[in-house]
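Worksheet for the structure shown next.
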Amino acid sequence: MKITILGSGTNLHPRRAAAGYLIQTDFPFLIDFGPRTLTNLLKTGLNRHQLQHFLFTHYHADHFSDFITFYFDAVCHARYVANRPDMTIIGPKGTKKLFGSIMKTFPAFDKPPFRVTLKEIAARTFSLGNTRIIPRTMTHTSQQTCLGYRVEYQGRSFVYSGDACYSSNLVRLCQDVDLAVLDCSFPSNRPGAAHMHAEDCGRVAKEAEIKRLILSHFYPVADQFNVKKQAARNFSGQINLARDLMTVQW
Ligand SMILES: [Zn+2]
Ligand SMILES: [Zn+2]
């Protein structure tokens with residue numbers, strides 16, 4: 001399994017792209033596709049026209065807006081340059097309404113020369129190829145459902161929390177996982193609403209007995225304090241700070 005962090009920041013951050021992760025198991029797929037992550041995707045060298053599966057945690061703009069630019073390019077490429085495989089877009093309730101209206105509204109987005117399947121999933125495990133995907137509902141905002149995802153492939157496991165507060169659902173999702181990338185929007189001494197701070201991330205890591213923790217989704221204020229040290233107050237295992245284009249393969 002290989003994970004590439006396409007974005008370790010939030011909506012507006014001077015040095016980090018917003019949320020986006022490239023996962024490579026028996027095929028490559030994305031979880032979230034926030035602003036500036038498309039540029040980082042190009043830098044990975046992956047052929048973007050081979051991407052078929054797009055998973056979303058929720059639809060705050062910092063988690064999906066680069067999909068629009070990506071999709072416009074995909075439609076033009078498939079119309080004028082070469083065929084591309086079909087696309088499947090997977091996310092929580094609201095996925096069909098959001099992407100349905102984007103595809104109806106944006107010029108040139110309707111009738112693409114490939115099939116687009118929109119799937120709304122609840123907290124039910126499913127498989128894509130040989131990859132097992134476990135979505136669970138996170139605690140984020142009351143206006144929409146946010147999913148966290150656990151990905152399992154060939155005995156390896158990975159969790160991405162999406163945007164999340166501390167919750168028992170998140171601890172269960174992370175149980176014994178090899179690598180968890182958690183929403184560390186804030187330093188513990190400057191906590192904010194709807195997201196975890198560094199000590200929360202450490203608490204989840206400890207209670208779930210995870211092997212390795214990567215802190216991500218930093219608001220600019222998180223870069224002003226030692227969030228790694230703060231997370232380590234609760235978790236004694238390996239902790240790293242995410243940075244754009246960082247990869248982990250195991
Ligand atoms: Zn959010
Ligand atoms: Zn976010």
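Brief remarks on what is shown
- Cβ-Cβ contacts under 7 Å between residues 6 or more apart (or on different chains), taken from a first residue in the range 153-174 that is open to solvent by 10 Å² or more (accessible area, probe 1.4 Å) to a second residue that is more than 15 Å from ligand 1 (Cβ to nearest atom) and part of a helix (DSSP H, G or I), are listed as Tyr166/Asp200; Tyr166/Arg203; Tyr166/Val204; Val171/Val204; Val171/Glu207.
- Filtering Lys97, Lys111 for residues that are open to solvent by 50 Å² or more (accessible area, probe 1.4 Å), free of Cβ contacts under 8 Å to residues at least 12 places away in the same chain, outside any loop (DSSP other than H, G, I, E, B) and over 30 Å from Ile210 (Cα atoms) leaves a single hit, Lys97.
- Subset of the range 120-177 [in contact with a strand residue (DSSP E or B) (Cβ under 8 Å, 6 or more places away or on another chain), among the hydrophobic types (A, V, I, L, M, F, W, C) and over 22 Å from Trp250 (Cα atoms)]: Ile121, Ala122, Ala123, Phe126, Met138, Cys146, Leu147, Ala164, Cys165, Leu170
- Of all residues in the range 30-48, those that are farther than 16 Å from Tyr160 by Cβ and β-branched (Val, Ile, Thr) have Cβ atoms under 9 Å from Cβ atoms of residues that are in a helix (DSSP H, G or I) and within 16 Å of ligand 2 (Cβ to nearest atom), 6 or more apart or on another chain, in Thr39/Asp66.
- Unique residue being out of contact with any Cys (no Cβ under 8 Å at 6 or more places or on another chain), modelled with pLDDT of 95 or more, among the small types (Gly, Ala, Ser) and within 23 Å of Tyr153 (Cβ to Cβ) when the list is Gly192, Gly237, Gly202: Gly237
- Residue that is farthest from the chain's Cα centre (by Cα), among those in the range 50-66 that are closer than 22 Å to Ser127 by Cα and outside any loop (DSSP other than H, G, I, E, B): Gln50
- Residue pairs whose Cβ atoms lie under 9 Å apart, separated by 6 or more positions or on different chains, with the first residue in the range 56-71 and open to solvent by 40 Å² or more (accessible area, probe 1.4 Å) and the second of a type in the set (Asp, Glu), are His60/Asp163.
- The residues listed here are Ser185, Ser142; of these, the one that is hydroxyl-bearing (Ser, Thr, Tyr), within 13 Å of ligand 1 (Cβ to nearest atom) and under 15 Å from the mean Cα position of the chain (by Cα) is Ser185.
- Against the list (1) in a helix (DSSP H, G or I); (2) closer than 19 Å to Phe114 by Cβ; (3) out of contact with any Asp or Glu (no Cβ under 7 Å at 6 or more places or on another chain); (4) of a type outside the set (D, E, K, R), the condition Leu46 fails is (1).
- Residue satisfying all of: in the range 184-243; in a strand (DSSP E or B) and either within 21 Å of Asp62 (Cβ to Cβ) or free of Cβ contacts under 8 Å to residues at least 24 places away in the same chain (or both); nearest to ligand 2 (Cβ to nearest atom) among these: Ser216
- Counted residues, the range 1-42 - those being open to solvent by 10 Å² or more (accessible area, probe 1.4 Å), within 22 Å of Leu147 (Cα to Cα) and among the charged types (D, E, K, R): 2
- Test set (1) touching a Gly at 6+ places or on another chain (Cβ under 8 Å); (2) assigned to a loop (DSSP other than H, G, I, E, B) - Arg84 fails condition number: (1)
The values are calculated or read from the model by the stated rules, or taken from the named source; none is laboratory data. Note that the structure is predicted; figures quoted are calculated from it, not measured. Please note: Cβ atoms are built from the backbone with ideal geometry, for glycine as well, and neighbour counts cover all protein chains shown. Each accessible area value is taken on the protein alone, full model and side chains, heavy atoms only, with ligands, DNA and RNA left out. Shrake-Rupley method; radii C 1.70, N 1.55, O 1.52, S 1.80 Å.
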